[in-house]
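*Asks:* The structure is given below, and queries will be raised subsequently.
The values are calculated or read from the model by the stated rules, or taken from the named source; none is laboratory data. Note that the structure is a prediction, hence the values are computed from the model and not measured. Reconstructed Cβ throughout: ideal geometry from the backbone, glycine too, with neighbour counts over all protein chains shown. Side chains are part of the model used for accessible areas, which takes the heavy atoms of the whole protein and leaves out ligands, DNA and RNA. Shrake-Rupley method; radii C 1.70, N 1.55, O 1.52, S 1.80 Å.
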Amino acid sequence: MYKYDKIDQQLVNERVAQYRDQTRRYLAGELTEEEFRPIRLQNGLYIQRLAPMLRIAVPYGLLSSKQLHKLGDIAKKYDKDYGHFSTRQNLQLNWPKLEDVPDILEELATVEMHAIQTSGNCIRNITTDQFAGVAPDELFDPRAMAEIIRQWSTFHPEFALLPRKFKIAVSGTKDDRAVVQMHDIGMEFFKNENEELRIKVWVGGGLGRTPILGTVIHESLEWQHALSYCEAIIRIYNIHGRRDNSYKARIKILVKAIGIEAFKAQVEAEWAHLKDGPLTITQAEFDRVSTYFEPMPYETLPANEASFDLHLASNPAFAAWVKRCVHAHKIPGYRALTLSLKTHGEAPGDATSAQMHVVADLADAYSFGELRVSHEQNLILADVKLSDLFSVWEKARAAGLATPNIGLLTDIICCPGGDFCSLANAKSIPIAQSIQAQFDDLDYLHDIGDIEINISGCMNACGHHHVGHIGILGVDKGDTEWYQVSIGGKQGNDASLGNVIGPSFSADEMPSVVQKLIDVYVQERTPEERFIDTVRRIGMDPFKNHVYAENTEVSA
Amino acid sequence: MSQLIKGKQIAHDEWTRVIPPSFGDEPVRKQAGKVVMFKLHGEETFTQKQIDATLIPAGKVLIPLAVWLAKKESLAQRLAAGEIGIVLQTHEPIEQLVEAFENLNSLPVIAVYVQIFADGRNFTLGNLLRTRYGFKNELRAVGDIMRDQLFFLQRSGFDSYLIKDGRNAEEAIASLNDFTQPYQGASNDVPVWRRLDRSQL
């Protein structure tokens, strides 16, 4: 993974000093609340309902064991002994003290970490596929480009105060796992017929109050122009994006308002000035950064392994875990695996300090000392030998990290919601927990199969509810919490936004609403259909009719 | 009193900023949502009445672009004498400023005004004035300006900063040196990988 050189380290150290002084000035009354707000946000610090929340950057989801140990230590020292992995592959602390944040940043800097631009109206953490570099279907490992874009976007002088937040995702697979279509800019790397690296550029995607999937603005951009093209797009947005209404300020609204053709014409005109200028990425710079992402020193192993096969045949619990949590790898004899942070009854994405240390130790012992955070809020060990899987499973299971539910109904994507977040209209974690309780039978979960449930506590959509096969949105009606349910959303290449099934429900009703949706699916499905396929085939009505049939308690 | 930082020190401000009088009317705000209005949504603009009533004192003056456009005939000599600088508001199209002057460098100063700190359009405007339109004279940041923008403003081509009233400009100067080796290029700089050989670090 990327290692800081003197330049990177100096920048992060200077940021700590700068933020320490900004905090001092705020506490001394030299900065008003309003002035300090954009400053602290660009350092990932929110003022939450109960305490500040600090969002620590995990660039494109990649962590070293040393970094995870440090995060575990920080969570213990400055927080309540746990952290929350978010849908942007970052780590959030829910209970730090505002005055401790400079010290936390200083500790993070010692392991090449920071909280720069994890919030605020600027370019946020670059995200990508959690299986980058190891996925068999990968056409291009996007991590070096993600790092190049990260550096370009960090403290970008022109884009420090944009109309609204700006999210960039990169992917290098046919089967998109980075949800590029729901980002302000999505970059899908591919090789053209001459084996040249190109980028399909999407613009104007985003969830939030006005969910819109991105539109293609460039079909085949040469990779050398990745930065200059982004710069042209964001420059147009910085000047012309709305600033009068924060709900209308994302780039998607600008693109929608003037139309993709007009927007593209403006971007191309701007790009004509920038193209082939100093922003053109040189082969030397690409190669320099790529050296940090060279393949691990893999052993030459047979594709099969006898002890693994034996465990698989004799241990149904292990087999269930392998089925859900172990993923293909491009190197024979290796696998990637997901450690579930979706233990039934726990807040999705939460990990205790002890669990972080366990995972870091597992990474050291079995996966070259590295791990990844997925946008589905789980942790990934990307390079584990087949022969080690059983040992990893036993240790992960002992630490509560081996719930075999990846991709199943209880692998719920969920924002922190009203328990923590001051933006939320409603709580989201208890809804996830009540659904997990309703579906606690693993055999039944496996029978239901692949399904994604996404929960957001408000229309800011941190839980990505619009692209959930079942999406749940907390809404606020006269001080009581209600939940609006949509079905038919999906991430990936054939992404779609879900449709609301009807009037919203109380928290108590939610497990049975999900149960009824599942009942319709189980009854209507063909043998090979997943929930989303059935919804797409038979439409919303059968689901809607069943959910609302005997339900007399729904509100208007 | 607002204090001016020029270069890297506190400087005497020779320029008087001319602000059109307010008549206590509701400010005119252009509405959002129409394509042609997109640049002007919800932003305060000067009314004709305000522009007409603007008095321009003797000496070096910084006047709003809208006032210049309305009164340029009567101000031509003063422009030639080097007494006119222009204040551009962040919602005003930069092309309008560029087209208004045969030679942009006949202006000793261009000031870019932000109403609020969070408005980052001044960075793009400064950058374009330097890199695209070849403006070589003083580029000044005015309005809601404090030390926390200075590093970015400097890299976006600004070389003077009118720190808002009540803030310590002496201390603010330090922020021009917040970072030693930034990653990106800037109006007068290239990206770090073109600036030095990182493979040797």
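*Asks:* Tell me the Rg and the Dmax, in Å, that the Cα atoms of chain B produce.
*Replies:* Looking at chain B, its Cα Rg and Dmax stand at 17.9, 63 Å.
*Asks:* Now, a different point. Would you work out what percent of the accessible area of the protein assembly as shown, with all protein chains in place, is carbon or sulfur (probe 1.4 Å)?
*Replies:* 51
*Asks:* Now, a different point. Identify unpaired cysteines across chain A, taking unpaired to mean no other cysteine Cβ lies under 4.7 Å from the residue's Cβ.
*Replies:* Cysteines of chain A left without a disulfide-compatible partner: A:CYS122, A:CYS230, A:CYS325, A:CYS414, A:CYS421, A:CYS458.
*Asks:* Quick one: accessible area per residue over the stretch A:413-549, 1.4 Å probe, rounded to a whole number of Å²?
*Replies:* About 37 Å² of surface per residue is accessible.
*Asks:* While we're on this one: Kindly provide the helix-only [θ] at 222 nm of the protein assembly as shown, computed as the sum of -39,500 (n - 2.57) over DSSP H runs of four or more divided by all residues, to the nearest 500 deg cm²/dmol?
*Replies:* -10000 deg cm²/dmol, from helical runs alone.
*Asks:* Still on this structure, please answer the following. How much accessible surface does A:ARG324 have with a 1.4 Å probe, in Å² rounded to 10?
*Replies:* Its heavy atoms expose roughly 30 Å² to the probe.
*Asks:* Another question about this same structure. Using a cut-off of under 19 Å, list every residue of the stretch A:233-270 whose amide N is near the label point 7 Å from the Cα of A:VAL500 along the Cα-to-beta-carbon line.
*Replies:* A:247-248
*Asks:* The stretch A:134-289: percent of C-alpha pairs farther apart than 19 Å?
*Replies:* Summing the P(r) tail past 19 Å for the stretch A:134-289 gives 53 percent.
*Asks:* Tell me which DSSP H helices of chain A clear both cut-offs, 18 Å or more of axial length from alpha-carbon atoms and a mean Kyte-Doolittle hydropathy of at least -0.5.
*Replies:* Helices passing the filter in chain A: A:226-240, A:260-274, A:353-366, A:510-524.
*Asks:* Net charge near B:GLU73: determine it from the other residues with C-beta under 15 Å of the C-beta of B:GLU73, scoring Lys and Arg +1 and Asp and Glu -1.
*Replies:* Cβ neighbours under 15 Å give a net charge of +1.
*Asks:* Which whole-number value in Å² is the accessible area per residue of chain B, probe 1.4 Å?
*Replies:* Result: 46 Å² per residue.
*Asks:* What residues in the stretch A:256-286 lose 30 Å² or more of accessible surface when the other protein chains are added to their chain alone (1.4 Å probe)?
*Replies:* Residues of the stretch A:256-286 that lose at least 30 Å² of accessible area once the other chains are added: A:ALA257, A:ILE258, A:HIS273, A:PRO278, A:THR282, A:GLU285.
*Asks:* Let me ask you something else. How far apart, in nm, are two points set 7 Å out from the Cα along the Cα-to-Cβ line at A:ALA284 and at A:LYS323?
*Replies:* 5.5
*Asks:* Follow-up. Just check chain A against the gyration tensor rule for me: Cα atoms, a ≥ b ≥ c as the square roots of the eigenvalues, rounded for a/c under 1.5, and otherwise prolate or oblate depending on whether a/b exceeds b/c.
*Replies:* rounded
*Asks:* Taking Cα centroids, how far is the stretch B:65-111 from the stretch A:186-200 in Å?
*Replies:* Using only Cα atoms, the two centres lie 46 Å from each other.
*Asks:* Would you kindly work out the equivalent ellipsoid of the stretch A:306-398 from its C-alpha gyration tensor and give its semi-axes, the square roots of five times the eigenvalues, largest first in whole Å?
*Replies:* Output for the stretch A:306-398: semi-axes of 21, 15, 12 Å.
*Asks:* Compare B:ILE173, A:ILE199 by solvent-accessible area with a 1.4 Å probe and give them largest first, with all protein chains kept in place.
*Replies:* In descending accessible area the options line up as B:ILE173, A:ILE199.
*Asks:* Nearest 100 Å² is fine: how much accessible area is buried between B and A, summed over both sides, with a 1.4 Å probe?
*Replies:* Adding both sides of the contact gives about 4300 Å².
*Asks:* Counting DSSP beta bridges in chain A, what percent are antiparallel, to the nearest 5?
*Replies:* 80
*Asks:* Search the structure for amide H atoms under 5 Å from the amide H of B:GLY85, placed 1.01 Å from N in the peptide plane, and list their residues when 5 or more places away or on another chain.
*Replies:* When sequence neighbours closer than 5 places are left aside, the close amide H contacts are B:VAL61, B:LEU62, B:ILE63.
*Asks:* Compactness ratio of the stretch A:1-128: Cα Rg over 2.2 N^0.38 Å, N = residue count?
*Replies:* 0.99
*Asks:* Say we join alpha carbon atoms closer than 10 Å with springs in a Gaussian network model of chain B; which of B:ARG155, B:ARG78, B:ARG132 then has the biggest fluctuation?
*Replies:* So, out of B:ARG155, B:ARG78, B:ARG132, the one fluctuating most is B:ARG132.
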